[in-house]
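The values are calculated or read from the model by the stated rules, or taken from the named source; none is laboratory data. All of these numbers come straight from a predicted model, not from anything done at the bench. Neighbour counts run over all protein chains shown; Cβ positions are idealised from the backbone, glycine included.
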There are 2 protein chains.
Amino acid sequence: MDNQYQKLKNADLDHVRHAIRSGQYRSHTAGLGQGFLQANLAILPQEYALDFMRFCQRNPKPCPLTGVSDTGNPMMFTMGRDIDIRTDVPAYNVYRNGALDHDCHDILDVWSSDMVVFALGCSFTFEHALIRDGIPIWHIDHDKTVPMFRSNIDTVPSGPFRGKMVVSMRAIPKSRVQDAIDISRKFPLAHGGPVHWGDPRDIGIQSLDAPDWGDAAPVPDDHVPVFWACGVTPQVAIEAAKLPLCITHKPGHMLITDVRDDAEIPVLT
Amino acid sequence: MDNQYQKLKNADLDHVRHAIRSGQYRSHTAGLGQGFLQANLAILPQEYALDFMRFCQRNPKPCPLTGVSDTGNPMMFTMGRDIDIRTDVPAYNVYRNGALDHDCHDILDVWSSDMVVFALGCSFTFEHALIRDGIPIWHIDHDKTVPMFRSNIDTVPSGPFRGKMVVSMRAIPKSRVQDAIDISRKFPLAHGGPVHWGDPRDIGIQSLDAPDWGDAAPVPDDHVPVFWACGVTPQVAIEAAKLPLCITHKPGHMLITDVRDDAEIPVLT
């Protein structure tokens, strides 16, 4: 896979999508399709779609909606000229009654005519902007997964969807914290500005050494831990809602869209 | 009413809301509750809510969603501590089967347990920001309504909701056009950056002298007509969909929320 990843890293979008659709490439998407928006996924029966969409609207930092399919239509036409959501993501997790049932590389057999697809912006977009501005991101430099924590911040509930906000932590040099805030606020579709910076205990996190997801990351002297709302939040809310069926991307294995990373709106025109 | 408007102009938000709720104040809201977000309204039966919410997500410039109620709950709790949508707007239009049925000052008798309220950001927010930056807005200086035009730009359809985008025009001094673009792009919940500037015929507008809604405004020498997506767009889409019942605010008579004008997200925390 590694060899193939290196090849795809410099390939154009059509190439990358074809490799994923055909099942040749089944690994993570960080660094692929550079310059284009990547998205988290939640695929639910229509019965729950209005409540989930309200949940996203009420919690725009953890759940920045970038696209919603028509019911039963697997083509994400607002985000790409030819994106079939059943095949164009490298790996999926299928949940039944709130528990992981299996993972897979396409969902052709699970898809049905009452499904609605939700695509949600992810942190890649603002991380790239921070790096472009010279702010180092430790987990990227060290090829790790960003550390994520269950905070004590309540989400705004909607129907069966509720729970605490999950946050991701990046240690930012003290002198660049304001820059990091200002830059990330420019990307409301990629979690926007941080929800907290400074003492982790203020948001119910007792130790940075034991993230609930991802890898622990150091906070060197003269650095401040900065916390952004995280796309795991809706996954946790969905699991807690114990829907009969729900499909997500496998973490790190995102949907790559045709929308430019810096587009004002996530809709092709 | 004019006397009362002058008094309310300097009143705090609770005062303004009480005057509206009690029916003492029934006129337009421009300039009231300064510093707080105002919103356009669309109230629909739940049957159409998911399609309409998808329409807003796909057309975020004309339809920037700032709040969605729970079905049957008239309290807009994400945008205010005590906003009852049935009484807290100065005037409403009630449509039946796509045609205006009547206007009124509360909707206590029309409201039912299957209604969903959609609040949409409006242009006041970015206009204030332009004025603060020294960019003159003719229709405000002359106490007129902004000129609005049916363009030839298609919206992205969703279910029964579709149609052309309605745009509003402001003549901006040539030297300030880029500033106007940059400033308004900072307000994605208030229509964001303009959709066009320059020759109106490029977007299907034959004459600026005959707006489809509002008052004609001059374009002086050294000024450029700049067009923003307009909140009348969803009203036109809703009328065309001929829903059995739909309620909107009466143009200019908006919902005043507890959300600050410059809030990063339109959700009280």
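Of note:
- Of residues in the stretch B:252-268 being more than 14 Å from chain A (Cβ to nearest Cβ) and assigned to a loop (DSSP other than H, G, I, E, B), the one nearest to B:Met148 (Cα to Cα): B:Gly252
- Any hit, the stretch B:167-183, residues being in contact (Cβ under 8 Å) with a residue 60 or more places away in the chain and in a loop (DSSP other than H, G, I, E, B): no
- Boolean, B:Trp228 is under 28 Å from B:Tyr48 (Cβ atoms), of a type in the set (Phe, Trp, Tyr) and more than 13 Å from chain A (Cβ to nearest Cβ): no
- Scanning the stretch A:23-49 for residues that are free of Cβ contacts under 8 Å to residues at least 40 places away in the same chain and farther than 21 Å from A:Gly80 by Cβ returns no hits.
- Against the numbered list (1) surrounded by fewer than 17 Cβ atoms within 10 Å (Cβ to Cβ); (2) not in a strand (DSSP E or B), A:Asp103 comes up short only at (2).
- For B:Ser113, the conditions (1) assigned by TED's automatic domain parsing to the domain that holds B:Ile20; (2) buried (at least 18 other Cβ atoms within 10 Å of the Cβ) all hold with the exception of (2).
- For the stretch A:74-87, a residue qualifies if it is surrounded by fewer than 21 Cβ atoms within 10 Å (Cβ to Cβ) and away from chain B (no Cβ under 11 Å), and the qualifying residues are A:Pro74, A:Met75, A:Arg81, A:Asp82, A:Asp84, A:Arg86, A:Thr87.
- When restricted to residues that are aliphatic (A, V, I, L, M) and surrounded by fewer than 20 Cβ atoms within 10 Å (Cβ to Cβ), the stretch A:217-240 contains 3.
- Qualifying residue in the stretch B:170-180 (condition: farther than 20 Å from B:Ala217 by Cα, surrounded by fewer than 21 Cβ atoms within 10 Å (Cβ to Cβ), within 14 Å of chain A (Cβ to nearest Cβ) and more than 17 Å from the chain's Cα centre (by Cα)): no
- Annotation: of all residues in the stretch A:128-163 being closer than 25 Å to A:Asp51 by Cβ, in a strand (DSSP E or B) and away from chain B (no Cβ under 14 Å), the one that is nearest to the chain's Cα centre (by Cα) is A:Met148.
- In the stretch B:57-73, the residues that are closer than 23 Å to B:Asn97 by Cα and either surrounded by fewer than 24 Cβ atoms within 10 Å (Cβ to Cβ) or of a type in the set (Val, Ile, Thr) (or both): B:Val68, B:Ser69, B:Thr71, B:Gly72
- The combined condition, being in a helix (DSSP H, G or I), over 22 Å from A:Leu32 (Cβ atoms) and away from chain B (no Cβ under 14 Å), is fulfilled by A:Ala240.
- Residues in the stretch B:58-67 that are closer than 15 Å to B:Pro266 by Cα, at the interface with another protein chain (Cβ under 7 Å from one of its Cβ atoms) and not hydrophobic (A, V, I, L, M, F, W, C): B:Pro60 only.
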